[in-house]
Every structure is written in structure tokens, then in C-alpha cells.
Amino acid sequence: MDSPRDTSSGSARLCPTCGTRLAAGVTRCVVCGLDLRPGAKRSAGGGSAQVSLSLPVALGLLAAFVLLTAGITFAAVRLTNVGLRATPTVTPTATATVTATPPPTLTGTPEPSPTALPPIDYTVVANDTCAGIAFRFDVTLRSILELNNLTPDCLLSVGTVLKVPQPTPTPSPEPTVTLQASEATAQACDRASYTVEANDTLAGIAANYNVELEAIKEFNGMPSDTVFVGQVLTIPLCRRLPTPGPTPTATPPAPYPAPNLLLPRDGEYFAQTSNSVTLQWASVGALRENEFYQVIVEDLTDPSGTKRLVGYATDTKYIVPTSFRPNDTLPHILRWQITVVRQTGSDANGNPIYVSGGAVSDRRHFTWSGTGAAPTSTPAP
């Protein structure tokens, strides 16, 4: 029989306690520290069975224990939602200094200037004149001459195309502010317009309308009682005087409205073959015995600027006498208007004295070509 293997001899041996393979000549186990020298004392229980582990196994058990401990700790933290959370550190922020901004300066918006309109092409027809074309399009004769490079005599041929400038549009007026109490009262006052005639006096006009003389001066800004022929006065009817005395007297009739002009149409042209022109207007009502329609016709083309016709009619038409027709070969622009007048008496020569009995109509114009003949004696109207 083989004898038992001596663990203490040979080139290598095993530790009797932990079983670790030891090199030859080692006197102490590097794992469990057992003294391997011969004759060394063993522990009392040396005879009993001892459990020994190798180094790799011991390291593996240690690693498993660490992982198990870490897993249990992680699960406990997740289940209890307990953990250390980093408290955010509040970093103080510098507050910006508020600088007062000055309010923007208001800049006035310039008024839009009216845009000039392009000229109109007009083809000359028979009996056309530069003055008639200028009147028809409400422009000056000079503007047509300059735009078309025409001479002052303005000789035209049928079929010629002229450039006619268009009137520049007038901008709308600015809205007015709220009137003061005195201005509002003046605006609410009923008024009438009266054109001063020959031999009129301010006192006579005030008496005819039964209005204070001072009221007429106040409404017209007159420094004195002097009036002039052709002067247009505003009569404040709201300032009429009460009738004096206990006996009521007849109240002056209310002024008539402005007549509505009918014929000829505004701007109508009358050729050389037209020997007379008939003016017609709408009636303003039944006139009294001393009331008439006053017709005023003015020749705006006459070089003297003073050619004026004043006529009277009880009907709603008036035939302009042939004697008032221009005598040259040029067409003349004539302006006419109608109003109601009232005869208040006669002067020293027996001529009737008239005062205004109502408002003046709008002004219309017509063109009348001259006869080209020498003037004849003027018949009495």
C-alpha cells in the first residue's frame, strides 16, 4: 500500500487548512496564515474537518455580496422615492435700471396738395371760339392759349384738336370747431340778402324789413350808415322790431325765395343768327301790384367792364333786347340773375324807387356772338 502523501515535501504542496497551493519552502500560508514549519503547534480543533476556499472563489463571493447590497439599496430608494436631490442655487440677477424715455414729438402732417389733372383733348367744331371753349370747361382763355401755343387772336380751324386744361380740384374745407353760444345764435338767425340799388339808404332798407338799423350794421360789420350801389347786405330777420302802438299795422311781406332759373342753360351758345335771347325762370308766387322781377344782365367780355342791363318784368320771362347784343365779331360771355323787387315810390324825376323783395337767384352765363355791325339807336325798354 502506498503511504499517505506528505503535504510538506516535494516541489509544491497544499495548505492543510485552506487548501491553497503553496510553493516549495513556504513556511506560512499566504491565505489563512497557517504556520507550516515542522513541529509547529496546530489549533486544538486541528483534527476536525476545515472548510477552505480558494482566492478566486472568495473574491467572487465578495463581488456578489457587493452587487446584492447595491441592488437592495437602489430598490429601496426607488420604492420610497427617497433620495438626495440637488437644491438649485438661486443666482441673483442684476435688475436693469429703467431709463425714462421722452415722449415722441408730434409732427404735423402736411396738407396733401391737389394733383394737377391731365388736359382734355377737344376737337374744334363750327362756330367754336377760344373764349367759348374756355367758358365751357371753366378755365381761363390764357391757359388754353399757352398750352396750345396759340396767338392772342386765337384763330381756330374746324377739326383742330386742342389741349384744354382741367380745373385744379379744390380741397375740402377743414371741419369747423364747436360754435360759441353767441355764434350759434347768429347761425340760427334767419337771414335775407339784399343788393343795394341807386338811391337806397340804410335807414330805408331797415324800415322796409322792419329790422333795427344797428342790427344790420352789426351783422355786416359796417362802421357807418353809408351804403354803396351793388353792395350785398345781410338782413337779420330774427331782429325784426315789434309793431309800435296799440293799433296793429300791416306787417311787411316776407321776402320771396330765390327764383329758379330755367333757360337758357348755363353756358349755352347763341350764334350770329340769333337776334334775341329769351330768359326764363320759375315763378316764386303771385306778385303784388308794386312787385316786379328784376333782371340784371352783364357783359363780362366787354372791354370797359361796365356794360350792364337792368330790366323789370311781371311775367317769368324776359327778352334781352337786340340793342344789348355785342357789335363786334367776337363771342361775348354774358351773366344774368333774377330777384324780386318792390317799388316804394318815385324820385324827383319820376323814376321808380325799388327795394329788394327777396333772395337773389344763382348766376348763369351764356355766349352770344356779335353782329359785326355798327351800333344802332337803342330803343327804350
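The values are calculated or read from the model by the stated rules, or taken from the named source; none is laboratory data. Bear in mind the structure is a predicted one, so any value in this text is a computation, not a measurement. Positions of Cβ are backbone-derived with ideal geometry, glycine not excepted, and every protein chain shown enters the neighbour counts.
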Anything in the stretch 211-227 that is in contact (Cβ under 8 Å) with a residue 24 or more places away in the chain and more than 22 Å from Ala258 (Cα to Cα)? List them, or say none. Glu212, Ala215, Asp225, Thr226, Val227
Within the stretch 257-281, the residues that are over 41 Å from the mean Cα position of the chain (by Cα), surrounded by fewer than 18 Cβ atoms within 10 Å (Cβ to Cβ) and without any contact (Cβ under 8 Å) to a residue 60 or more places away in the chain are Thr273, Asn275, Ser276, Thr278, Gln280
Looking at (1) modelled with pLDDT of 85 or more; (2) among the small types (Gly, Ala, Ser); (3) surrounded by fewer than 12 Cβ atoms within 10 Å (Cβ to Cβ), find the lone condition where Ala250 falls short. (1)
Pairs only if they're at least six apart or on different chains, beta carbon under 7 angstrom, first in the stretch 198-210 and of a type in the set (D, E, K, R), second part of a loop (DSSP other than H, G, I, E, B); list them, first residue then second. Asp200/Val227
Against the conditions (1) over 21 Å from Trp368 (Cα atoms); (2) surrounded by 10 or more Cβ atoms within 10 Å (Cβ to Cβ); (3) at pLDDT 85 or above, where does Asp121 fall short? Just the number, please. (2)
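A quick yes/no check of all residues on (1) in contact with a Cys (Cβ under 9 Å, 6 or more places away or on another chain); (2) surrounded by fewer than 16 Cβ atoms within 10 Å (Cβ to Cβ); (3) over 20 Å from Pro253 (Cβ atoms); (4) modelled with pLDDT under 85:
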{"residue": "Thr185", "(1), (2), (3), (4)": "yes, yes, yes, yes"}
{"residue": "Tyr194", "(1), (2), (3), (4)": "no, no, no, no"}
{"residue": "Ala198", "(1), (2), (3), (4)": "no, yes, yes, no"}
{"residue": "Thr201", "(1), (2), (3), (4)": "no, yes, yes, no"}
{"residue": "Ile205", "(1), (2), (3), (4)": "no, no, no, no"}
{"residue": "Glu218", "(1), (2), (3), (4)": "no, yes, yes, no"}
{"residue": "Val232", "(1), (2), (3), (4)": "no, yes, yes, no"}
{"residue": "Ile235", "(1), (2), (3), (4)": "no, no, no, no"}
{"residue": "Cys238", "(1), (2), (3), (4)": "yes, yes, no, no"}
Just a yes or no: is a residue in the stretch 300-309 over 27 Å from Thr273 (Cβ atoms) and over 48 Å from the mean Cα position of the chain (by Cα)? no
Out of all the residues in the stretch 282-297, is one or more within 14 Å of Val355 (Cα to Cα), polar (S, T, N, Q) and surrounded by 11 or more Cβ atoms within 10 Å (Cβ to Cβ)? yes
Given the options Arg42, Arg37, Arg5, Arg13, name the one that is assigned to a strand (DSSP E or B) and either modelled with pLDDT of 60 or more or not aliphatic (A, V, I, L, M) (or both). Arg13
